[in-house]
Every structure is written in C-alpha cells, then in structure tokens.
Amino acid sequence: MPEGAFRRIAAAEALAFMIAAAEQARPYRLFDTRDADSYARGHLAGAEPLAERDLGHWIGRLPRAEALLIYCYHGHASQAFAKTFADFGYAEVYSIDGGFEALVQAMAVMHSALPVAVVQPSRQPQPKEPAPCR
C-alpha cells in the first residue's frame, strides 16, 4: 500500500485475512469503533474498542508494520480511523466495508458452508434390568 493509504475490504475478505493470519501466527490488530454499548452487546472475538479519544494511545504504541483491521457499524466511520492510522505511517491498514453487520453475515455464511460431520450414536450394550426380588 502506498504511504498514507488504506484499503477497503469486504467482510468475507477480512475474515479470510484473520483466519490466514491465525494459521500463520501473523500478528494483527482488530478494532471495533462502535460505541461502548454496541461493543458490550457483541463484537468479534479479539476486537478491541477504539474511540477517537484513544487514537493517540494506540498510535504511540502499535508497531507500524502490524496489520490493522477496523470496523464500525456499516463501514463509513472505520474509513476515517483507517485513514488516520495510514497518515501516521502504518503500512497495512484495512477498513471493513459493511461494518459489524456485514461481518456477522459473512461469519454466518462461512459457518453454513463448513462441512457437517455426522455423528453416529455409540453402540454400547444396554445394561440389563435387575431381576425382580422374590
């Protein structure tokens, strides 16, 4: 990516990125820019809340080479956050189009596409009933 630029990616592409990064033990940061109540009601595993007032904190601490993925409600506010990180020299910054809702939908599609294992009940012998007392 050119310096000062960020990339917009689809939710499915973001999920694929995160899966590949986890498989390769490649570090990345995932940020949720929605309000605290929305974050508390649900967020992606590993997502850290990010508010405008916290940008200075993160910009001073994150490695410039670490990939950053940012989502919001629908994919608009995350672009502003992504641009800020890119302007500060972060090399790999992504804004997730469609935001949280698109991520939830993409996860549902991904989950439904996974093969389902058929589990057969075990064939263990049934215990015999005790003989009646006489």
In the stretch 49-105, how many are under 17 Å from the mean Cα position of the chain (by Cα) and of a type in the set (Lys, Arg)? 0
Determine whether TYR90 is surrounded by 14 or more Cβ atoms within 10 Å (Cβ to Cβ), in a loop (DSSP other than H, G, I, E, B) and touching a strand residue (DSSP E or B) at 6+ places or on another chain (Cβ under 9 Å). yes
The stretch 91-108 residues that are touching a residue at least 24 places away in the same chain (Cβ under 8 Å), paired with ones that are among the aromatic types (Phe, Trp, Tyr) and in a helix (DSSP H, G or I) (beta carbon under 6 Å, 6 or more apart): VAL93/PHE85
Scan the stretch 58-72 for residues that are surrounded by 17 or more Cβ atoms within 10 Å (Cβ to Cβ) and either more than 12 Å from PHE31 (Cα to Cα) or touching a helix residue (DSSP H, G or I) at 6+ places or on another chain (Cβ under 6 Å) (or both) and jot them down. LEU68, LEU69, ILE70, TYR71, CYS72
With respect to SER78, determine if the residue is small (Gly, Ala, Ser), in contact (Cβ under 8 Å) with a residue 40 or more places away in the chain, touching a helix residue (DSSP H, G or I) at 6+ places or on another chain (Cβ under 8 Å) and farther than 21 Å from ALA5 by Cα. no
Can you spot a residue in the stretch 18-31 that is outside any loop (DSSP other than H, G, I, E, B), within 28 Å of VAL109 (Cα to Cα), in contact with a Lys or Arg (Cβ under 6 Å, 6 or more places away or on another chain) and in contact (Cβ under 8 Å) with a residue 24 or more places away in the chain? no
For residues that are more than 19 Å from ALA21 (Cα to Cα) and among the charged types (D, E, K, R), scanning just the stretch 39-57, find the one that is surrounded by the most Cβ atoms within 10 Å (Cβ to Cβ). ASP54
If the requirement is being within 13 Å of the chain's Cα centre (by Cα) and either surrounded by 14 or more Cβ atoms within 10 Å (Cβ to Cβ) or more than 19 Å from PHE85 (Cα to Cα) (or both), which of these qualifies: ALA21, ALA36, ALA25? ALA21
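Any read-out appearing in this document is the output of simple, stated calculations on the displayed coordinates, not a laboratory observation. Since we're looking at a predicted model, the values are computed, not measured. FYI the Cβ positions are ideal-geometry reconstructions off the backbone, even for glycines, and counts take in every protein chain you see.
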